[in-house]
Amino acid sequence: MASEISKNKVTGTYNELDIHDDFITDERPLYSDGKFKVRDGPMSRSYRLATISLGLVSAVFLIIIIGLGVHINKVSYSHSNLSVNTSKISSQLAQLTSDHKSLTESKKLIENQHEEDTKQIKSLRSDLSTETRLKNELQSQNRALQEEKRKLNFQLRNMEDNCGQCLPNWVLMNKTCYFFAVSDTISRRGWAAGRQECIKKGAELLVIDSKEEQEFIVDTLKAMRYNLQFSYRNGFWIGLKDDHTEGVWKWLNKTNMTEGYWMDGEPNDDMGIEDCAAVYPTNYPMKSWNDVPCSHPLKWICEKEIIQTS
């Protein structure tokens with residue numbers, strides 16, 4: 001009976017193994033014809049997804065690495081160009097620095113030369129100023145000498161022409177002797193008092209009756225008075241008045257004035273009291289008369305004809 005039970009156990013165990021064998025039998029065994037095959041299950045799909053993901057990540061990394069490589073190459077190229085440009089710039093900068101130094105030195109030389117030129121110009125201007133001043137002084141002295149020469153020539157000519165025909169200090173022209181009261185020892189007087197001085201000398205106040213005589217009188221005054229500037233004090237009474245009728249000028253010889261040699265704007269009878277005429281040593285002989293108050297103190301000119309003796 002025991003052996004029967006044992007036999008049954010063995011038979012049952014075998015059956016169980018047989019059933020288990022049948023259970024684990026797969027239609028697609030791992031090995032088939034000696035080749036290894038992977039089952040298509042949930043685990044294999046996960047592996048497949050992981051593999052695909054890794055492949056994609058690897059591809060992305062590869063693209064990134066390629067891009068970085070290209071970028072690095074570009075950067076390297078740019079850096080190389082920058083290095084070349086930096087070298088050129090450094091060379092140009094060195095050249096510019098050298099040029100700047102040369103220009104600075106040239107500028108300094110020019111400034112020094114300019115300073116020297118300025119000093120020389122100042123010196124020349126000073127010399128020119130001195131020369132101009134000396135020239136003006138010489139011209140002034142020359143004018144004074146010319147006037148002195150003119151005066152001496154006039155006196156010499158008068159002495160030669162006079163030849164004893166006129167009194168001393170009288171001037172001869174066309175048989176008429178003239179006395180000019182130019183001496184500083186002779187005080188100025190009014191018209192009437194000046195006339196009296198002429199009468200005392202046996203003469204009369206000047207009467208001008210020609211252009212020749214007018215020019216002679218003014219030239220003589222200029223020779224004697226050294227071209228004095230115009231002033232009421234520098235005039236000389238002549239024998240001409242309009243105190244009897246305003247605007248009607250008459251000579252002492254009772255003749256009316258027909259041609260006058262008045263200054264511009266004269267006679268103007270200023271303040272209604274200018275009734276006597278005077279002549280002045282002006283630069284324009286034909287414009288040398290002025291009407292003056294008869295009481296005004298001036299010098300005078302006398303004239304006297306030479307008495308012919310047979």
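Taking the Cβ of each residue in TYR178, TYR77 as the centre, tally the other Cβ atoms inside 10 Å and list the residues starting with the fewest. If you can, show how the numbers build up before the last one.
Working: TYR178 20, TYR77 10.
Least to most surrounded, the residues fall as TYR77, TYR178.
Would you mind ranking GLU274, GLU197, GLU259, GLU215 by Cβ crowding within 10 Å, fewest neighbours first?
GLU259, GLU215, GLU197, GLU274
Across region 169-305, what fraction of all alpha-carbon pairs, as a whole percent, falls in each successive 10 Å bin from zero upward?
Taking all Cα pairs of region 169-305, the binned fractions are 12, 48, 35, 4 percent.
Could you line up ILE217, ILE52, ILE273 from fewest to most neighbouring Cβ atoms inside 10 Å?
The most exposed by this proxy come first: ILE52, ILE273, ILE217.
In this model, which of LYS135/LYS211; LYS201/LYS222; LYS149/LYS287; LYS254/LYS304 are farther than 27 Å apart at the alpha-carbon? Present the calculation step by step, with values, prior to reporting the outcome.
Working: LYS135/LYS211 37 Å; LYS201/LYS222 24 Å; LYS149/LYS287 25 Å; LYS254/LYS304 17 Å.
Check vs 27 Å cut-off fails for LYS135/LYS211.
In whole Å, what is the distance between the alpha-carbon centres of region 87-106 and region 249-284?
87
Bear in mind these aren't lab numbers, they're just calculated from the coordinates by the rules spelled out. Bear in mind that the values here come from a model prediction, so they are computed numbers and not experimental data. Note that we place each Cβ from the backbone using ideal geometry, even for glycine, and neighbour counts take in every protein chain shown.
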